[in-house]
1. What residue, among those in region A:86-131 that are of a type in the set (S, T, Y) and loosely packed, with under 15 Cβ neighbours inside 10 Å, is modelled with the lowest pLDDT?
2. Is at least one residue of region A:86-104 closer than 30 Å to B:V12 by Cα and either within 12 Å of chain B (Cβ to nearest Cβ) or touching a strand residue (DSSP E or B) at 6+ places or on another chain (Cβ under 9 Å) (or both)?
3. Given (1) exposed (fewer than 14 other Cβ atoms within 10 Å of the Cβ); (2) touching a residue at least 24 places away in the same chain (Cβ under 8 Å); (3) within 13 Å of chain A (Cβ to nearest Cβ); (4) in a helix (DSSP H, G or I), where does B:E57 come up short, assuming only one miss?
4. Looking at A:D232, A:D223, A:D272, which is the one that is without any contact (Cβ under 8 Å) to a residue 60 or more places away in the chain and at the interface with another protein chain (Cβ under 10 Å from one of its Cβ atoms)?
5. Hey, can you tell me all the residues within region B:160-191 that are over 32 Å from the mean Cα position of the chain (by Cα) and of a type in the set (D, E, K, R)?
6. Given the criterion surrounded by fewer than 23 Cβ atoms within 10 Å (Cβ to Cβ), touching an Asp or Glu at 6+ places or on another chain (Cβ under 6 Å) and either within 7 Å of chain A (Cβ to nearest Cβ) or of a type outside the set (A, V, I, L, M, F, W, C) (or both), identify the matching residue among B:T51, B:T74.
7. Before we move on, is B:V112 assigned to a helix (DSSP H, G or I) and more than 30 Å from B:S213 (Cα to Cα)?
8. Test A:P154 against the stated conditions and say whether it is touching a Phe, Trp or Tyr at 6+ places or on another chain (Cβ under 7 Å), in the same structural domain as A:L274 (by TED's automatic domain parsing) and surrounded by 13 or more Cβ atoms within 10 Å (Cβ to Cβ).
Amino acid sequence: MATKDPMVNNAAGGTRADAPDNRPRNLFSNAARLLQSRWQSVITGIPFFWLLLFFLAPFFIVLKISLAESLIASPPFSNLLHWNENGFPSIKVTIDNFAYLWEDSLYIRTYVNSIQIALISTLICLLIGYPMAYAIVRTEGTARYILLLLVILPFWTSFLLRVYAWMGLLADQGTLNSFLIWLGVIEKPIRLLYSQFAVYVGIVYSYLPFMILPLYANMEKLDTSLQEAAADLGAKPVTGFFTITLPLTAPGILAGSLLVFIPATGEFVIPDLLGGGNVLMIGRVLYSEFNANHDWPVASAVAIALLIVLVLPMMLYHRVQASEAERQKS
Amino acid sequence: MKPGRSRFLLGVLCFGFAFLYVPIILMMVYSFNYSKLVPVWGGFSTRWYTTLLESEEVWAAAALSLKIALLNATFATLLGTLAGIALARIHRFRARTLFTGMISAPLVMPEVITGLSLLLLFITLNQQIGWPAQRGISTITIAHITFSMAYVAIIIQSRLAGTAQDLEEAALDLGAKPFRVLWDITLPQLTPGMAAGWLLAFTLSLDDLVIASFVSGPGATTLPMLIYSRIRLGLRPDINALATLIILTVTIGVLIAGWLMIRQQRANQQATH
């Protein structure tokens with residue numbers, strides 16, 4: 001498509017009478033003028049179309065199937081659109097799948113449990129991540145970049161393998177149990193793997209960098225003169241922290257917490273590998289509803305219900321992200 | 001700073017980094033364990049590495065994963081760069097809110113939802129237009145591009161927001177054509193961001209298990225899918241060996257990139273002083 005565009009010939013040295021730079025200047029800002037051309041539609045159009053097709057459209061399909069009836073057929077769900085004998089279309093939807101989720105206490109418990117695990121894990125991440133981010137910001141020179149690199153490094157290495165590493169630590173004959181027996185704290189192995197505890201450890205461990213990095217980015221730009229002024233004026237460190245540092249780092253806390261909470265709620269790998277069958281989490285239920293039970297309409301309804309739970313935190317995250325971008329511009 | 005406080009912070013750092021690194025290091029140590037029972041030490045051995053490297057299944061899965069990661073990184077960087085420029089430089093266009101929403105949502109969307117919805121899309125498309133005829137490398141790549149381009153877009157956007165528009169404006173005032181400005185001024189500023197985005201997209205793709213498991217078809221097993229199918233039933237010494245190899249490769253790559261970053265940072269500091 002690019003070769004057909006006259007702008008290419010233009011840039012390659014040709015001249016054109018109706019080049020866009022003779023437009024009235026004060027009408028457009030300079031930045032807008034840069035892309036005030038058909039390049040603008042190419043630049044936005046291609047990624048926009050891709051996301052419409054592969055990100056937005058799939059959700060409507062999930063929504064559609066969640067309103068269909070489950071059938072033993074291929075595909076295993078009913079058509080919503082019917083043509084009756086007069087040639088008129090009629091739409092037949094059912095909310096049975098959602099009613100099923102609502103009536104079966106197992107699903108409700110699973111949702112509540114997922115949110116609870118995600119919330120508590122987020123809090124633990126914050127309690128560990130906040131002082132770590134603070135300590136890294138306070139480190140001077142090259143050491144700071146090395147510490148930052150050490151936080152980012154696990155983020156680049158395989159998520160699955162890091163969860164697997166905890167299987168070795170928490171197993172009945174694993175390192176942690178052997179260590180505790182050696183210390184004399186316990187006499188025989190205690191159940192660590194395949195428990196709620198293991199899921200907490202796994203989530204905190206996997207998502208800690210997601211908490212530290214936004215906090216670090218926020219604290220790095222913090223003006224320390226305010227804290228110094230408070231100390232000079234006689235404020236105790238605790239007072240200074242709660243009245244100045246904490247409110248100023250609130251955007252970082254919010255961004256980090258959302259980056260941990262949202263994906264943790266729908267987590268599949270961690271409850272599956274570390275929780276075994278003992279921990280109810282919604283991501284795992286969705287996966288098995290689809291892959292083991294082949295109940296597509298119920299799996300779709302589970303997904304829609306999960307989205308409804310997460311839509312508020314997601315919108316909040318979007319706003320945090322947008323205001324951050326706005327601040328960078330100014 | 002008071003010594004008590006700095007000692008507290010030092011303690012926090014030690015604890016935090018021990019928490020992050022001890023599990024990985026122990027996993028690597030046990031890859032050299034002779035014993036078949038992973039947590040029981042039976043002497044030093046490299047036999048699991050031999051087992052691993054002789055396994056055709058592992059090689060095939062690694063090759064498929066690398067192929068997908070390369071395709072994904074390249075296309076995601078192209079699409080993500082366009083999206084990033086759109087976000088940072090084009091402020092008013094129709095459906096901008098929808099666009100920014102679609103860029104930031106994949107970053108936090110639970111993988112099970114992305115995976116399920118894309119699989120249902122591919123199945124619907126197959127029924128309506130006959131494409132994709134079968135699921136495998138192409139569907140996994142499309143799924144990976146969709147979520148990794150969002151990461152690239154965010155990197156590019158923040159990079160563009162950080163650079164001044166003075167040069168672009170000056171060039172425009174001097175009569176340069178918009179395309180020329182984009183090509184000669186905006187793009188060179190973006191190269192480091194695009195490189196970082198490419199690397200991130202590459203590793204995101206290598207790492208993904210959940211979405212690939214949903215959209216893959218029979219016969220296409222990526223490396224994470226292979227690892228997952230083996231460790232579901234418990235610890236496996238050959239997986240410890242595989243994990244060690246993967247983590248060492250990635251670590252070396254990241255350390256080199258980090259070293260270059262620090263050097264650049266220093267050069268910038270010297271230039272400004």
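1. Step by step, filter region A:86-131, then rank; the result is A:S90.
2. For region A:86-104, residues closer than 30 Å to B:V12 by Cα and either within 12 Å of chain B (Cβ to nearest Cβ) or touching a strand residue (DSSP E or B) at 6+ places or on another chain (Cβ under 9 Å) (or both): absent.
3. The number of the failed condition is (3).
4. Only one candidate qualifies: A:D272.
5. The answer is B:D166, B:E169, B:D173, B:K177.
6. Within the list B:T51, B:T74, the selection yields B:T51.
7. It is false that B:V112 is assigned to a helix (DSSP H, G or I) and more than 30 Å from B:S213 (Cα to Cα).
8. No: the conditions fail for A:P154.
The values are calculated or read from the model by the stated rules, or taken from the named source; none is laboratory data. Keep in mind that what you see is a predicted model, and the values were worked out from it rather than measured. Cβ atoms come from the backbone with ideal geometry, glycine included; neighbour counts cover every protein chain shown.
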